[in-house]
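I have placed the structure first, in the form of structure tokens, so that the comments after it can refer back to it.
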Amino acid sequence: ARTIAIEMEKADKAKRDSMGFFEKIKYGPSFHIKRYVDDNQRVYKTIPMKVPSKWRNDLNFSARSKDGRILFDSLPADANGNQCAVLLLKKDDEMAQPNSDPRALRKLFDDFLPQFSALLDDDMIATVAKKPPSFLPSFRYAAPRLNQGNSCVILGDSAHTVKPYFGLGANSALQDVQVLKRSIAGTPSIKDAVHQFSKERAAESKALVQISRNLDRPGALGLLTFVFPLIIDSIFNKMAPKIFSPNTISMLQKSENTFCGLRVRKRLERLGQLMTIVALFTGLKIGSSKLIECLSKLTGRRSTTVVATIVSGMAGIILLKKLAVFLIPGLAPADVLTKANVRSKGPAEEEATFHTITAYDDGEQDLSANMSGGGI
């Protein structure tokens, strides 16, 4: 499917190169594929596994190590207890290499995933250790259209490729099919349907990839584009739920939201949050002017300096308290979801070596369940 998009890009470039200056202006921007460098690369190894008969087989099982080294997901493969599990690791992890030490892999499972280690015999551990890793796709999208001529369209991974952390890839591909079906049924010809589909989904494909990539940035960029907005949205949504929506990932689970619409809404909310913070600071300054005046006289500092010191100190303490749980080396987006999960945990889960293990009904409308639903 991606080969088709690549050939479309080549054909469009050749056609545009043969045009004169004014023809190019009339023709508009050429079809191209926007490719992003993967700056937070992880690899995976698949593991066939059979769960005990006492375990429910209509659930997805998920576990994360506290240090972010291991992400383990297992999805049902049939009705007989067979599951397809995925061990997700950083590219340079020793267990991510081909022909790694099976004893070290067994110890890794025993230490971090003991509940799953018991389900894998030594032969399976040796097979997994020996196999080479598979790579997750890099972020990319096709633009500014998703059609070639009047009878060909691209959709799914051919039009927009994302990592499977949040279930957006498979779900968006199914949505592409739904929109194409509606376009064919609602227009008089295939030509009209093709152009209607492209018009409706091209901008969505771009927004999908850009939003998803912002959720997967490493280090300081990840704090700025993912963790910090997650915290801010949580605070403001609790303060004024009728005005400020939940975080981006929660909003993506609602079928009525589009990627373009959500991006616009979040940008407007960021403006509203900024205005609220400014108004709050202004109100605090006016309301506490007398107190500040007294403190200013006692300390010999200017009133504005006293205000800035107090407010900055309070804001810094609150923010550091919120950020502390996320400041772990190697933290992955899925780990942040687990830490931000509002589900209550029992004492046994809190004291476990791994951060959490969760099981979700396939049909449950939960952000982590939908995350697992994307598949790898």
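Excluding ligands, DNA and RNA, the accessible surface per residue across the stretch 183-309 is 59 Å² with a 1.4 Å probe.
Among 103-109, 243-249, sorting by the average number of other beta carbon atoms lying within 10 angstrom of each residue, highest first, gives 243-249, 103-109. Residues in the stretch 167-200 near a label at ASN150, defined as backbone nitrogen under 17 Å from the 7 Å Cα→Cβ point? Residues 184, 187-199 fall inside that zone.
Rolling a 1.4 Å probe over the heavy atoms of the protein chains gives the stretch 43-131 an accessible area of 47 Å² per residue. Round to a whole angstrom and tell me the spacing of the C-alpha centers of the stretch 20-51 and the stretch 170-190. Their Cα centres are 22 Å away from one another.
Could you give the distance between the Cα centres of the stretch 235-274 and the stretch 95-139, to the whole Å? That distance is 39 Å.
Here the stretch 6-157 has 55 percent of its accessible surface on carbon and sulfur atoms, given a 1.4 Å probe and all protein chains in place. Ignoring ligands, DNA and RNA, what percent of the 1.4 Å accessible area of the stretch 220-269 is carbon and sulfur? Here it works out to 66 percent.
The values are calculated or read from the model by the stated rules, or taken from the named source; none is laboratory data. Model, not experiment: these values are computed from the prediction. Cβ: placed from backbone, ideal geometry, glycine included. Neighbour counts: every protein chain shown. SASA here: full protein model, heavy atoms, side chains in, ligands and nucleic acids out. Shrake-Rupley method; radii C 1.70, N 1.55, O 1.52, S 1.80 Å.
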